[in-house]
Amino acid sequence: MAVRALRLVTRWGFDRLGIDRLALWTLPGNVASQAVAEKAGFRFEGLIRNWESDRDDRPVDAVMYSMTPDDLAEASADGRVSAGVPIADTPRELRAPGTRAAPFVEIAEIADLAPRGMLRVTRADLDLVVAWTDRGLVVTDDRCPHMAAPLSIGDLAGCVVACPLHEGRFDLCTGEDRSDAHDRRARRRR
């Protein structure tokens, strides 16, 4: 809903008010607002140091995004504005320490990934799987929690990926183990 509202206000500003450029600022740790800006088609411009002062007169940084009418037209033409691909919430169990407030880093083009598909991305010493699940895009470590096999070569059904080396199934949206053996052990413990 926030993305749609930002898109509507942006288009209204360009069309009705004749604005040539819009700027949007967030606090560095406000990842939710940054995601809204990016999904609406705003471009990341950078970190602005000592942008303003807080109540105690300490300097506060800001993250800046901008958009021009040309940016909006380009985002609309290539589908970024209208695609509406949601980013699924990452379960706490799947989050790496320090990533919650980390800056956005582009690791793949959405055009490289089909709906209900997976893509392996290597970045530095990390192997990641980008999956387009029923709940949206998910990015996590590309290894089965049981055998360290690459999940990206397994089968994806909804949010559940089947490990290619054994009977294990792993839910990328909840972090739960969905394998039959695990389910039987869990039932016996109850």
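Being more than 19 Å from GLU74 (Cβ to Cβ), of a type in the set (D, E, K, R) and open to solvent by 70 Å² or more (accessible area, probe 1.4 Å) narrows it down to one residue among ARG21, ARG11, ARG49, ARG43; which is it? Can you show your working first?
Details: ARG21 fails: more than 19 Å from GLU74 (Cβ to Cβ); ARG11 fails: more than 19 Å from GLU74 (Cβ to Cβ); ARG43 fails: more than 19 Å from GLU74 (Cβ to Cβ).
That would be ARG49, the only listed residue that is more than 19 Å from GLU74 (Cβ to Cβ), of a type in the set (D, E, K, R) and open to solvent by 70 Å² or more (accessible area, probe 1.4 Å).
Which residue out of ALA157, ALA148 is modelled with pLDDT under 85 and over 19 Å from the mean Cα position of the chain (by Cα)?
Values: ALA157 fails: modelled with pLDDT under 85.
Testing whether each residue is modelled with pLDDT under 85 and over 19 Å from the mean Cα position of the chain (by Cα) leaves just ALA148.
What single numbered condition from (1) within 16 Å of ALA75 (Cβ to Cβ); (2) modelled with pLDDT under 85; (3) exposed (fewer than 12 other Cβ atoms within 10 Å of the Cβ) fails to hold for MET1?
Only one criterion in (1) within 16 Å of ALA75 (Cβ to Cβ); (2) modelled with pLDDT under 85; (3) exposed (fewer than 12 other Cβ atoms within 10 Å of the Cβ) is unmet by MET1, namely (1).
Just give me the residues in region 138-169 being surrounded by fewer than 17 Cβ atoms within 10 Å (Cβ to Cβ) and not in a loop (DSSP other than H, G, I, E, B), in sequence order.
Selection gives ASP141, ILE153, ASP155, ALA157.
When both residues are 6+ apart or on different chains and their Cβ atoms are under 7 Å apart, which pairs have a first residue that lies in region 105-119 and is more than 20 Å from ALA35 (Cβ to Cβ), and a second that is surrounded by 10 or more Cβ atoms within 10 Å (Cβ to Cβ) and among the polar types (S, T, N, Q)?
Short answer, once both residue conditions are applied: MET118/SER152.
Is there any pair linking a residue in region 132-161 that is touching a residue at least 60 places away in the same chain (Cβ under 8 Å) to one that is open to solvent by 20 Å² or more (accessible area, probe 1.4 Å) and in a loop (DSSP other than H, G, I, E, B), with Cβ under 8 Å and at least six apart or on different chains, and which?
What qualifies is CYS159/ASP134; CYS159/ARG135; CYS159/THR174.
Could you tell me which of the residues GLU38, GLU52 is among the acidic types (Asp, Glu) and closer than 28 Å to ALA88 by Cα?
Only one candidate qualifies: GLU38.
The values are calculated or read from the model by the stated rules, or taken from the named source; none is laboratory data. Because the structure is predicted, anything quoted here is derived from the model rather than measured. Cβ: placed from backbone, ideal geometry, glycine included. Neighbour counts: every protein chain shown. These area figures cover heavy atoms from the full protein model, side chains too; ligands, DNA and RNA do not enter into them. Shrake-Rupley method; radii C 1.70, N 1.55, O 1.52, S 1.80 Å.
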